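This report refers to the structure that appears directly beneath it.
Every number in this text was worked out from the coordinates using simple rules, so none of it is lab data. Everything numeric in this text was worked out from a predicted model, so none of it was measured. Virtual Cβ from ideal backbone geometry, glycine too; neighbours counted across all protein chains shown.
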Amino acid sequence: MQSKLVYIETYGCQMNEYDSDRIRNAVGGMPVDTPEEADIVIVNTCAIRDKADQKAFSGLGKYKHLKARKPDMILGVAGCVAQLYGDRLLQKIPHLDFVLGPRAIPRLPDLISRIEQAKERPVETSYDVEELFEVEPYHREGKVTAFVSVQQGCNKKCSYCIVPYVRGDEVNRPLPEILREAENLVGKGVREITFVGQTVNSWTENGRKFGDLLRAAADIDGLERIRFTTSYPRDITKRMIDAMKDVDKVCRHIHLPVQSGSNRVLALMKRTYTREWFSDTVKRLKDAVPDLAISTDIIVGYPGETDRDFEDTMDLMREVEFESSFSFKFSPRPGTPAAGLPKEETVPDETAGARLMELQAFQKEVTLRKNVERVGKTEEVLVEGPSKHGPESVSGRTSHNRIANFKGPASLVGSVVRVRVSEGLSNSIRGELSV
Ligand code: SF4
């Protein structure tokens, strides 16, 4: 395909960001900064949260005038909303040229040819794509961190979640392919790889488990750091914990969504673990990696959540003291079991809002305190790029995934340097280069 100018608007999670980079490579095009310059515009959508699909519709709607001015421009929709609504999107949005589900990205070149040559408006939302992992993501020159997908889909079926319905069942990527992609990226200057999957630590292949993947990746020369997201609590195994303990390249941070501290609500959510089990897992992790930073996701106001249930969640927050948390009010996703629960179970919006505020205020305090506690310590920081906080400053992340800003030349980008922390702020730390 002749090189096209491509503009992609991305909504949602890291998996979607990763997919957008794969879409860029699948098209074989040059990325541009504005849709006005582009030959192909793709809106990569998210269906996870309330109004996410409305956002996608308005995202597509705003291209109506541009398409009228540039009729040869190709406009497509990808991602979870594309999968969910399929050809209904073509009916709803007359200026739309194609619909592409998340699993069908490798088929994009074929879709573009069908539009250009046969003037079709194709829809490709098959789950059954043999070449699932064939398209690797576009990598911007000079970027020192990158994602590598290790699995697609999810087998868990949590009652509130649309992901298994839009991304299909879990499919794990073969180890040699994962390592080859990681090695290629390191060859291009990448120093930190984040393995991504909906339940990344459930990865398995030919008897190998996630811990084996971490150990194998650590053998890649030139790779400084390994991260992974998102871990599913029930799939934390001894083999994984041992690898986190033994392999220096594995960062001392894990994102471990708990969602609720109430056993009753966890059971309603079909999360397959109890609060005690989660606490014990945190203990096992911290015993193995004492300085481990743990972040989480919480849903408040799940249908039927009582004050007592919420208090259990706050109790867990106090017990674990997560480094950070992403918290949301429950919102029903059509097509999920939780969306069909009786109306009388709904937690009033005001109550859910008050709970969310309480939880977020607590988290803010803990995050700030933990950042302040780093003052005087020396952290290893992978420098990722210039800092927004003043000239001659650079920014990077610590092993614990804290953002660190400090004075230093741009030539440090891609190096792991030692930084003495002088200030802990609400979302970052500041410091000075140390020798
Ligand atoms: S583990 Fe649960 S919340 Fe996460 S993607 Fe799978 S179904 Fe959704």
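Placing +1 on each Lys and Arg Cβ and -1 on each Asp and Glu Cβ, with no other charges, gives segment 7-130 a dipole about its Cα centre of roughly 500 debye.
In the chain, what % of DSSP beta bridges are antiparallel (nearest 5)? Counting only bridges with both partners in the chain, antiparallel ones make up about 35 percent. The alpha carbon gyration tensor of the chain gives principal lengths a ≥ b ≥ c with a/c of 1.5 or higher and a/b no greater than b/c, which makes the shape oblate. Along segment 6-16 the Karplus relation, 6.51 cos²θ - 1.76 cosθ + 1.60 evaluated at θ = phi - 60°, assigns HN-Hα couplings of 10, 10, 10, 9, 10, 10, x, 8, 5, 4, 5 Hz to successive residues, with x for each Gly and Pro.
Each of R308 and V435 was given a label point 7 Å from its Cα along the Cα-to-Cβ line. The distance between the two points is 6.3 nm. Considering segment 378-434 at the alpha-carbon level, its Rg and Dmax are found to be 9.6, 28 Å.
Each of L89, L266 was scored by other Cβ atoms within 10 Å of its Cβ. Listed from fewest to most, they are L89, L266. Scanning residues 5 or more positions from A293 or on other chains, those with amide H under 5 Å from its amide H are H253, I254, with H placed 1.01 Å from N in the peptide plane.
Pairs spanning more than 23 Å between alpha-carbon atoms, out of K238/K377; K245/K377; K249/K286; K55/K92; K286/K329: K238/K377; K286/K329.
Bridgeable aspartates and glutamates around K119 (alpha carbons under 14 Å apart, same-chain partners fewer than 8 residues away excluded): D72, D97, D110.
Length available on full extension from K283 to R264: 0.36 nm per residue minus the Cα-Cα distance, which gives 4.7 nm. Ranked by the mean number of other Cβ atoms within 10 Å of their residues, highest first, the peptides 239-246, 140-147 fall in the order 239-246, 140-147. The phi-based Karplus calculation (6.51 cos²θ - 1.76 cosθ + 1.60; θ = phi - 60°) puts the 3J(HN,Hα) values of segment 247-255 at 9, 4, 6, 6, 5, 8, 8, 9, 9 Hz, whole numbers, x for Gly and Pro.
Each of D72, D309, D87 was scored by other Cβ atoms within 10 Å of its Cβ. Arranged with the fewest first, they read D72, D87, D309. Shown in residue order for segment 116-123 are the 3J(HN,Hα) couplings computed by the Karplus curve 6.51 cos²θ - 1.76 cosθ + 1.60 at θ = phi - 60°: 6, 8, 10, 6, 7, 10, x, 10 Hz (x for Gly and Pro). Put simply, the amide H of S393, placed in the peptide plane, has neighbours under 5 Å in S387, G408, leaving out anything fewer than 5 places away on its chain.
Summarising the overall dimensions of segment 19-74 from its C-alpha atoms, the Rg and Dmax are 12.5, 33 angstrom.
The lysines within cross-link reach of K388, meaning a Cα-to-Cα straight distance under 19 Å and a gap of 8 or more places when in the same chain, are K143, K407. Over segment 139-251, one equal point on each Cα, no solvent: what is log10 I(q)/I(0) by the Debye formula at q = 0.11, 0.13, 0.16, 0.24 Å⁻¹? Log10 of I(q)/I(0), two decimals: -0.35, -0.48, -0.72, -1.35. What the Cβ-Cβ distance of F328 and K70 gives, at R0 = 45 Å and to the nearest 0.05, is a FRET efficiency of 0.75.
Positive end of the dipole of segment 184-263, charges at C-beta (+1 Lys, Arg; -1 Asp, Glu), about the Cα centre: which of G187, I220, N206 has its Cα farthest in that direction? Ranked along the dipole, the leading option is N206. Remark on the chain: C13, C46, C80, C154, C251 stand apart, with no other cysteine beta carbon under 4.7 Å.
In terms of its C-alpha gyration tensor, segment 5-124 has a rounded overall shape, because the principal axis ratio a/c (a ≥ b ≥ c, square roots of the eigenvalues) stays below 1.5.
When Y302, Y18 are sorted by how many other C-beta atoms sit within 10 angstrom of their C-beta, beginning with the fewest, the order is Y18, Y302.
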